[in-house]
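Notes follow the structure.
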């Protein structure tokens, strides 16, 4: 069916539900987007919701830009696998499964049914003094991310959430945003609680990384290799593959949206399949969302990461699907239409 014809049919369905036209606001826009993705006037609820938390360490932590030591990345991976983290709680709440991807944690892990081992290295190099990784490693990251998404979809996944874990992730996300032309002062903020002195050091590290590496904003792979991270690169490939296979993706906060930014620079069409789960309290996140033209579903002043905001947004997305599929129409309910429905 032609996209414009399908869009017209979905909007007609929404406008004929027993409510004033447009009165359910963003829920109606979400229902429309899901309908277009699924290519159905009445979209279906998801049968296999999955959250993938991409974990990796970063050499930039040597510059003391976080309140926590690098070891916390490894420790949180164990926490995820043991079901004790916030993302595990929220995933259970919305009926989703949590998978953890070791993209480049500075540790080795035993096999686990919900652990995916795709380690590119044991942490990137320090971007303050040179490239985070080689271009070959950047390409490998994207390839691994694509493979993970492809496997998930082949197994039946029909909604994918992108989460992140890594001490230093917000510094890397800020460096990526700055590499694409955003002002450093607008995108660098606290991730973990840090004092003003540490925040200023974080800004200086991002500026130094740009000066030392000179990433080419017209070359997404160059940006990834010079100021990115193994987890970021795998999220890029994951998002690209999912969207190219018409599988909806919900991104979380600042680091996952930095990955989306790189993916967008590689394929401008992917935004038709992406939802912004929430707006992080990290100020640079709103800057990137506005640039991408994505409206966050939730705004709860969260800045945890892990995919937590995106996971909670699943319940709103599913409410939108239930609204368009389960509400009565004026005709079926025998309710008189108002003047706005004619």
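The values are calculated or read from the model by the stated rules, or taken from the named source; none is laboratory data. Computed from a prediction, not measured in an experiment: that's the story for all the values here. For neighbour counting, all protein chains shown are included, and Cβ atoms are generated from backbone atoms with ideal geometry for every residue, glycine included.
Summary of values
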read-out: Which numbered condition residue 214 misses (of (1) at positive phi; (2) crowded, with 24+ Cβ neighbours inside 10 Å); value: (2)
read-out: Search result, residues across region 80-126 that are outside any loop (DSSP other than H, G, I, E, B) and either closer than 15 Å to residue 59 by Cβ or outside the structural domain of residue 163 (by TED's automatic domain parsing) (or both); value: 103, 104
read-out: Whichever residue in region 258-286 is over 13 Å from the mean Cα position of the chain (by Cα) and closer than 21 Å to residue 179 by Cα and, among such residues, is surrounded by the fewest Cβ atoms within 10 Å (Cβ to Cβ); value: 268
read-out: Residue list for region 289-303, filter: surrounded by fewer than 22 Cβ atoms within 10 Å (Cβ to Cβ), touching a residue at least 40 places away in the same chain (Cβ under 8 Å) and touching a helix residue (DSSP H, G or I) at 6+ places or on another chain (Cβ under 6 Å); value: 302
read-out: Residue match in region 133-144 (condition: under 21 Å from the mean Cα position of the chain (by Cα), under 23 Å from residue 83 (Cβ atoms) and modelled with pLDDT of 95 or more); value: no
read-out: Exclusive hit being in contact (Cβ under 8 Å) with a residue 40 or more places away in the chain, surrounded by 15 or more Cβ atoms within 10 Å (Cβ to Cβ) and over 22 Å from residue 250 (Cα atoms), set 68, 52; value: 68
read-out: Answer from 103, 128 - the residue that is touching a residue at least 60 places away in the same chain (Cβ under 8 Å) and either under 21 Å from the mean Cα position of the chain (by Cα) or surrounded by fewer than 19 Cβ atoms within 10 Å (Cβ to Cβ) (or both); value: 103
read-out: Selected residue [touching a strand residue (DSSP E or B) at 6+ places or on another chain (Cβ under 7 Å) and either at pLDDT 95 or above or within 23 Å of residue 91 (Cα to Cα) (or both)] from 278, 285; value: 278
read-out: Lone qualifier among 174, 209 - being under 18 Å from the mean Cα position of the chain (by Cα), part of a helix (DSSP H, G or I) and in contact (Cβ under 8 Å) with a residue 60 or more places away in the chain; value: 174
read-out: Region 304-321 - residue that is crowded, with 24+ Cβ neighbours inside 10 Å and not in a helix (DSSP H, G or I) and, of those, nearest to the chain's Cα centre (by Cα); value: 307
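Conditions (1) buried (at least 20 other Cβ atoms within 10 Å of the Cβ); (2) in contact with a helix residue (DSSP H, G or I) (Cβ under 7 Å, 6 or more places away or on another chain), marked per residue:
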position	(1), (2)
9	no, no
18	no, yes
35	yes, yes
56	yes, yes
79	no, no
87	yes, yes
98	yes, yes
